[in-house]
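Some notes on the structure that comes next.
A short reminder: the numbers here are calculations on the coordinates, not readings from a lab. What you see is a predicted model, and the numbers here were worked out from it, not measured in a lab. In this analysis, Cβ positions are derived from the backbone assuming ideal geometry, glycine residues included, and neighbour counts consider all displayed protein chains.
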């Protein structure tokens, strides 16, 4: 009886058994990459909004502070989305005929809320609190990116657990003086651009960060990385 | 088409988070009922197929701040207080504190003592809420009105407003004035009084003389030195600490 398989099949089957390890590893790697990709996290996705509200225009163009609209960001877990009345503070006078702003005026007339589309959203089993981050010196743009250059709002970071933990394990590398939290152009200290706190000059982020950790009484890494800080 | 995306996302069954996000946590606007049924059917099938994948913790049956509720006619999950009820701490029985008036005349005194902290908080809040229109020095030349307001805000340094009672400023903030909107919902009563104190400080500073400076304090002869990048527009530029402490004492 002649052989069904050619001799080379021996080598091929050995190679396949060996190669399968890599295939499995590659699949695992792919799954991980997909899991972190914007396709899953929605990072960078601009969502349709009822009014094309531009942070770029209102923040860097007109110089309005975040707190003018997001009034509760310093005191509560929720940053707050401005009610229609806040827009009408100015738009009852400015661009009163613009078609773009008709949904705002309609909402003001009828008393019905504008329905903004959520951009940043954590699953319901995660507890997040703005006020503590603001009061311990984490800047808005550390988490939300260059808001002052966003014609339409998008999510900057993955908002995944590894991202939160990355900072909670070493908060010092991201802290800044409290009065700079709302400054979208704040730059970390360097030797040419030092940051002065309480009359002390800091030339690099690590020394500034550890001074602020002491000054603001940031809790220990063990405390803020324990599961029940965020899952409660 | 959002539902197409939803189905494709769900059926790719890469993992639970995708499923959860596409199931309404993504903020994709809700579709009409017909599509809703179809999408729900396909999603349920997908859930059944992707075994042990549970999303009930991602989307819990509770209301998050400002989320939508189909239970109430106006779809707001945040309810206004029932008419005729008063929440704890909201009785507002201190009428001067909440209206700035005694009867119908504005009073000319602060309801609490003015300290340096009060003025600093007042300055911060003034710069957030008033400066866009009234400018940081209060001369009424803010940027916003120049973009199309039918009237410019008056300067706080003209005769009439120099003499105005403290309670008057509080009242303007609480109830608005002419084309100026009210700020009662954006600024707490406490903070409104602190802004009043800061406006008075601004007014005094415009007509101060050397004799008004207490002995032993210095007045900087130069404008404060700014350092590095200017602020973002939303925030003040960083002032060199040496000159900052001088201008602080002066306030």
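Between residue A:229 and residue A:56, the modelled label-to-label distance comes to 3.6 nm, taking each label 7 Å out from Cα in the direction of the beta carbon.
Does region B:120-169 classify as rounded, prolate or oblate by the C-alpha gyration tensor (a ≥ b ≥ c root eigenvalues; a/c under 1.5 gives rounded; else a/b over b/c gives prolate, otherwise oblate)? Because a/c hits 1.5 or more and a/b fails to exceed b/c, region B:120-169 counts as oblate.
Helix-only arithmetic for chain A: the sum of -39500 (n - 2.57) across DSSP H runs with n ≥ 4, divided by the residue total, places the mean residue ellipticity at 222 nm at -11000 deg cm²/dmol. From the largest down, region A:95-219 spans 53, 37, 21 angstrom on the principal axes of its Cα atoms.
Of the residues A:190, A:84, A:75, the one that moves most in a GNM of chain A with alpha-carbon contacts below 10 Å is A:190. When the Cα gyration tensor is reduced to axis lengths a ≥ b ≥ c, the ratio a/c is 1.5 or higher for chain A, and with a/b not above b/c it is classed as oblate.
Were the residues from residue A:85 through residue A:33 laid out at 0.36 nm apart, the gain over their Cα-Cα distance would be 14.4 nm.
Here each label is just a point 7 Å from Cα along the line to Cβ, and for residue B:179 and residue B:91 those points are 4.3 nm apart.
At 7 Å along Cα-to-Cβ for each site, give me the label-to-label distance between residue A:78 and residue A:215 in nm. Roughly 3.3 nm, to one decimal. For chain A, the longest principal axis of the alpha carbon atoms and the long axis of helix A:8-36 meet at an angle near 10°.
Rounded is the label for region B:95-211, because the ratio a/c of its alpha-carbon gyration tensor axes (a ≥ b ≥ c) stays below 1.5. For peptide B:125-135, the mean count of partner chain Cβ atoms within 10 Å of a residue's Cβ comes to 3.
Rounded to two decimals, what is Rg over Rh for region A:98-165 when you use alpha-carbon atoms and the Kirkwood radius? Could the numbers behind the result be given before it?
On the way: Rg = 16.0 Å, Rh = 14.9 Å.
Rg/Rh: 1.07.
Given R₀ = 41 Å, FRET efficiency for residue A:45-residue B:165 by Cβ-Cβ distance, to 0.05?
Here the calculated transfer efficiency is 0.20.
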